[in-house]
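Since every read-out is calculated from the coordinates, none of them should be taken as a lab result. If you're wondering where the values come from, they're calculated on a predicted model, not measured in any experiment. Note: ideal-geometry Cβ built from the backbone for every residue, glycine included; neighbour counts use all protein chains shown.
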Amino acid sequence: MSTSDENPKTGKTALAPLPEVLATVSHEVRLLADAMNELQEVVGKLVSSGQISGSGALYELQSIDRISQSLDAISDYLGGVSKLALPEWEIDAAEASRCVKLAEMSDRLNGIKRDEDSHGAAGDFDDFALTA
């Protein structure tokens, strides 16, 4: 994401064109939708194999599908809005992302590339090891 001008509070370059910000958020939502689709497949396989049974499980599987479709729709909407927003419209993306508690996502929303070794910063989600 490209930025211009300086943030008077931090002295850092912070203004970003709104179309780019919206496209970045659209991409993040699309990643969430993809993750929900993968989760839906896993739960579906568990239901099909009989490891999860009952009408409650089927209802929850439908809920996962609704969430996935909703995330896709929001991503599409944000992508559409990003194409309509004028590049001259700028926002302080760094300031806007201060409320994002996941450091890795906050960095992605700000266009900051992280090294693979920098995972585990405060506020990040930590995957847990699955045991057999």
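Remarks
- Shape metrics for the range 4-118, restricted to C-alpha atoms - Rg then Dmax, Å: 18.6, 59
- Sequence of Leu18, Leu39 once ranked by neighbouring C-beta atoms within 10 Å, starting from the fewest: Leu39, Leu18
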